[in-house]
Amino acid sequence: MKTNFTADQRSNPLMAMMEENLRKCVHCGFCLPSCPTYSVSGDERESPRGRIYLIKDMLEREGAPNKEIVTHIDSCLSCLACMSACPSGVNYQHYIDYARHYVENHHQRRGFERFMRMLLVYTITHAKVFKIALKVAKLAKPFSRFFGLKISNMISMAPTKLKTAEITNEARIYPAEGIRIKRVGLLMGCAQNVLRPSVNEATIRLLTRMGMEVVVSDGVGCCGALSHHIGKNDIARDSAKTNIDAWLKEFDQRGLDNIIINAAGCGTEVKDYAYMFKDDPAYKGKAQKISDLTRDISELISEHQLPTVKLSNQPNIIYHDACSLIHGQGIRLEPREHLKSAGFEVVEIPGRHFCCGSAGSYNLLQPTMANELKDRRLALIGEVSDSNKVSILATGNIGCLMQFASGTDLQVVHTVELLDWATGGLKPPY
Ligand code: SF4
Ligand code: SF4
């Protein structure tokens, strides 16, 4: 793609990266059929190629972006399906992240929208505040129709029951069963440990059963993805620095073989810390080290062995790929293989893989598109669930789990909960 950046613009390393990325795009359009928002709207401006043009125009012109550009950047899910489809290697992830940051700094949103975005970042990333917010949302459920679409969608997404977490984000060591083969740091996540603490509980049971010592390190908190995806890069960098410092302290004092993440969205973010700090001399090397140590839980299991399977008559399950796992981290086969090794029959969702509409805080900020995508995905799941006698839907990301749970009678679980159950743990949901 031809670009018209000035020498002055190119002197900004981030802008230079954007230009290099843009020049890789050959307009082929291979990315279009993979894009959920394009498949719903049929509008080129809602496609990856369309957004690339709009963003290029915004950056070349500089100054405040017009409303049309902001609308089409906001409506992108950051699902990264376009990146998997692109034959030219356009890094859409870094491209859209920078565009969102640019919009955040050059566009004045309406007061309510600004407030909502700030509220989301502050609430979801602070466990105690998030718990209070969910309790308020539960009380407000009967009155949700009196609020606008965004607020009523937020209220309806809030779970009616919240289980108290048996394990908290406080520093703690969970010893390995038998001979210790590894010492791993676990990211507990901010929203996940409030919404579904059983995912971390199952992870700890499974890993310790596999002979790993699991460490929850003091100071590790939100990975920064939520802030990053709405353009608040400074908040995301602060969260990342706090985590990097805390994990490196653990690494230096007692050793860490890996950092384990069971929320795919957080995993994609932490693996990208190296890129986030590539121009920061103080954090470049540290961030690279943390990204190198990071594994999704399914990758770690692949490097070792599942414990002995103790369950019999495992039910059939449907597996949904979280975008951040399949596109963000290129992990597709591993979760399926583990589920099959644990004795589950894996039923595939028919048709092309598409996002469920969760996408971080997307379902809260863009409820119309998010609900449409959820309904489309659930319709396809419905086509195979009855004929295959499936009552469980598994996925590897808390966002997808909550999104589906708000629209189906199937039991929606995290893959690790099934693996733990099959190898001697508790039956989900518990
Ligand atoms: S990230 Fe997803 S929604 Fe955004 S342009 Fe790419 S495919 Fe479309
Ligand atoms: S597939 Fe890649 S090269 Fe082709 S239009 Fe999309 S982004 Fe550009």
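Of all the criteria given as (1) at pLDDT 95 or above; (2) away from ligand 1 (no atom under 11 Å from the Cβ); (3) touching a Leu at 6+ places or on another chain (Cβ under 9 Å), the one not satisfied by GLY50 is (2). A single entry from ARG117, ARG145 fulfils the requirement of being surrounded by 13 or more Cβ atoms within 10 Å (Cβ to Cβ) and either assigned to a helix (DSSP H, G or I) or of a type outside the set (Phe, Trp, Tyr) (or both): ARG117. Pairs are defined by a Cβ separation below 6 Å, a sequence spacing of at least 6 or placement on different chains, a first member in the stretch 249-263 that is within 28 Å of THR415 (Cα to Cα) and buried (at least 22 other Cβ atoms within 10 Å of the Cβ), and a second member that is modelled with pLDDT of 95 or more and of a type in the set (S, T, N, Q); the pairs so defined are ILE259/THR294; ASN262/THR203; ALA263/ASN397.
Number of residues in the stretch 374-424 that are surrounded by fewer than 24 Cβ atoms within 10 Å (Cβ to Cβ) and small (Gly, Ala, Ser): the value is 9. Residues that are over 25 Å from PHE354 (Cα atoms), away from ligand 1 (no atom under 15 Å from the Cβ), of a type in the set (Asp, Glu) and loosely packed, with under 13 Cβ neighbours inside 10 Å: does the stretch 1-13 have at least one? Yes: one or more hits. Within the stretch 22-39, is there a residue that is more than 11 Å from ligand 1 (Cβ to nearest atom), charged (D, E, K, R) and at pLDDT below 95? Yes: one or more hits. Close Cβ contacts (under 6 Å, 6 or more residues apart or on different chains) running from residues in the stretch 78-102 that are closer than 16 Å to ARG45 by Cα to residues that are part of a loop (DSSP other than H, G, I, E, B) and within 11 Å of ligand 2 (Cβ to nearest atom) comprise CYS82/CYS31; CYS82/CYS35.
When the residues of the stretch 262-299 are narrowed to those that are over 12 Å from the mean Cα position of the chain (by Cα) and aliphatic (A, V, I, L, M), which ends up nearest to ASP420 (Cα to Cα)? The residue in question is ILE297.
Applying the criterion of at least 3 residues that are under 21 Å from ILE392 (Cβ atoms) and touching a residue at least 40 places away in the same chain (Cβ under 8 Å) to the helices (runs of 4 or more DSSP H) found wholly in the stretch 298-373 leaves 323-326, 333-341. Tell me, yes or no, whether the stretch 88-102 has at least one residue that is of a type in the set (D, E, K, R), more than 16 Å from ligand 2 (Cβ to nearest atom) and within 14 Å of GLY231 (Cβ to Cβ). Yes, that holds for at least one residue. Restricting to the stretch 87-114, give me the number of residues that are within 15 Å of ligand 1 (Cβ to nearest atom) and part of a loop (DSSP other than H, G, I, E, B). Of the residues in that region, 5 qualify.
Quick check on LYS271: is it among the charged types (D, E, K, R) and either within 21 Å of ILE235 (Cα to Cα) or surrounded by 24 or more Cβ atoms within 10 Å (Cβ to Cβ) (or both)? In short, yes.
With a requirement of 2 or more residues that are under 26 Å from GLU334 (Cβ atoms), aromatic (Phe, Trp, Tyr) and outside the structural domain of TYR98 (by TED's automatic domain parsing), the helices (runs of 4 or more DSSP H) lying completely within the stretch 204-286 that satisfy it span 233-254, 273-276. Number of residues in the stretch 60-85 that are within 16 Å of ligand 2 (Cβ to nearest atom) and of a type outside the set (Ser, Thr, Tyr) equals 10. Among the residues making up the stretch 75-86, a single one is more than 6 Å from ligand 1 (Cβ to nearest atom), in a loop (DSSP other than H, G, I, E, B) and of a type in the set (S, T, N, Q): SER75.
LYS161 meets the conditions (1) in a loop (DSSP other than H, G, I, E, B); (2) surrounded by 20 or more Cβ atoms within 10 Å (Cβ to Cβ) in every case but one. The failed one is (2). The single residue among ASP43, ASP8 that is over 27 Å from ARG117 (Cβ atoms) and over 22 Å from the mean Cα position of the chain (by Cα) turns out to be ASP8.
The values are calculated or read from the model by the stated rules, or taken from the named source; none is laboratory data. What you are looking at is a predicted structure, and each value in this text was computed from that prediction instead of being measured. As a convention, Cβ positions derive from the backbone with ideal geometry for all residues, glycine included, and neighbour counts pool all protein chains shown.
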